[in-house]
Amino acid sequence: MYITILILFLLIVSAISILKHPKFGKPPAGERLAAIKTSLHYREGAFQNESNTPALAEGTSYAEVAREAFFGKPDNVRPKECIPSVKTNLLNLNIKEDVLIWFGHSSYYIQTDQKRILVDPVFCGHASPFSFSIKAFDGADIYGPDDIPDIDFLFITHDHWDHLDYETVKKLRTRVKQVICGLGTGAHLEYWGFDKKNIIEKDWNETIHLTDGFTVHTIPGRHFSGRMFKRNQSVWTSFILQTPTLKLFLGGDSGYDTHFATAGEKFGPFDLVILENGQYNKYWKYIHMMPEEVLQAAIDLKAKRLLTVHHAKFALANHSWDEPLTTITALNINNQIPLITPMIGEKVNLKDTAQLFTEWWKKII
């Protein structure tokens, strides 16, 4: 009995020690929490979606989800071969080039109108609190913090592990001039050493006037947030980035809803729309779009071109690793919207609407 008690005690102490690691972040407090409590979207101690958004679809149980997670995985949920890539040297890019470089999943670099922009960087090689869990596909993790130049604007859509990585942003901290994030997310960044005056955090439907003719509008999503047990203490968001020459939609994780059409009517058309397409499942269709909904969301937004992300790096759902790309290209067979499908690290020319891309995923098992 004493041995059992000792083992339980040691397990509890170990768990508490792990959860105290700074990578888990900090909940909002003080003035930040007071500001959060004034939000129209904050009720009953948490941020709320605009529409009713159950975590699981009707008729679905957690037991059913767990059964599929353990016993329903396809053989190719991860590629058996190395993901191909082209490692563009960002440090040597001409600042006058208007380009986008995708790093896999939802991380990407934008350079336009002589500004350097980074979105949701995760370069630690995994999408969870632990390095042995949800590891990046072979070949999909070719970039690290040292490959990133000084950044003018760092955008964080929400605080989930596959979008906000402690190790990555900690290493980039001294090279980021300004952070733009959802209300509450700044608590993590300030805890990790970012200067409060360099963090701009906003609620939905707000406007930020940055330097040199850059403007940002925050747009609702249909998702959730949280790095530990208590959800929705910070707001999840998408960003509309208006530069002197381009209008871009930087989409965070979201289920399909009317907010896309609302944004399209108010701010569209967009030169480029970036939307998540991957890690979806019919069981959680309200918080992640299915591929057909991604295409509809792009149409709602009046997209001139569409780049899909949230795939080809981490397996967070039970679809085959290449299904998101295969499905979206099939759905868009009539080319309703020009689809951008770069390899990791490949240059996307933001001004060349005729640029062509290969279906590189078809060459991998």
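The values are calculated or read from the model by the stated rules, or taken from the named source; none is laboratory data. On a predicted model such as this, the values are computed, not experimentally measured, just so you know. Note that each Cβ is placed from the backbone with ideal geometry, even for glycine, and that neighbours are counted across all protein chains shown. Accessible surface is based on the protein model in full, side chains and every heavy atom, while ligands, DNA and RNA are left aside. Shrake-Rupley method; radii C 1.70, N 1.55, O 1.52, S 1.80 Å.
The table below lists the values:
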{"read-out": "Antiparallel bridge percentage (DSSP; both residues within the stretch 169-311; nearest 5)", "value": "50 percent"}
{"read-out": "Label-point separation, residue 282 to residue 33 (7 Å along Cα→Cβ), nm", "value": "4.3 nm"}
{"read-out": "Computed over the chain: relative contact order in percent, which uses C-alpha pairs under 8 Å that are six or more apart", "value": "20 percent"}
{"read-out": "Within the stretch 133-167, backbone nitrogen closer than 14 Å to the virtual label 7 Å beyond the Cα of residue 76 toward Cβ", "value": "none"}
{"read-out": "Principal axis dimensions, the stretch 102-222 - Cα atoms, whole angstrom, descending", "value": "40, 29, 28"}
{"read-out": "Peptides 163-170, 47-54 ordered by average Cβ neighbours within 10 Å, highest first", "value": "163-170, 47-54"}
{"read-out": "For the stretch 276-292 versus the stretch 29-97, the gap between their alpha-carbon centres in whole angstrom", "value": "10 Å"}
{"read-out": "Alpha-carbon spread of the stretch 173-237, three principal axes, descending order, Å", "value": "40, 28, 14"}
{"read-out": "Cβ charges +1 (Lys, Arg) and -1 (Asp, Glu), total dipole of the stretch 158-222, debye", "value": "220 debye"}
{"read-out": "Low-density loop cleavage sites - GluC sites (Glu not before Pro) in the stretch 63-136, where at most 12 other Cβ are within 10 Å (DSSP)", "value": "81"}
{"read-out": "Two-decimal Rg/Rh across the chain, once Rg and the Kirkwood Rh are taken from alpha-carbon atoms", "value": "0.96"}
{"read-out": "Kirkwood-type radius of the stretch 322-365, with distances r between different C-alpha atoms, in Å", "value": "11.6 Å"}
{"read-out": "Compactness of the stretch 206-344 - radius of gyration and Dmax, Cα, Å", "value": "15.1, 44"}
{"read-out": "Mean separation of Cα contacts under 8 Å (6+ apart) over length of the stretch 215-270, as relative contact order %", "value": "34 percent"}
{"read-out": "Per-peptide average of other Cβ atoms within 10 Å, ordering 115-121, 194-200 highest first", "value": "115-121, 194-200"}
{"read-out": "Solvent exposure ordering (accessible area, 1.4 Å, most first) of 206, 265", "value": "265, 206"}
{"read-out": "Bridge type composition, the chain - antiparallel percent by DSSP, nearest 5", "value": "55 percent"}
{"read-out": "Candidate lysines for bridging to residue 20, where Cα separation is under 18 Å - those fewer than 8 sequence places away on the same chain excluded", "value": "170, 230"}
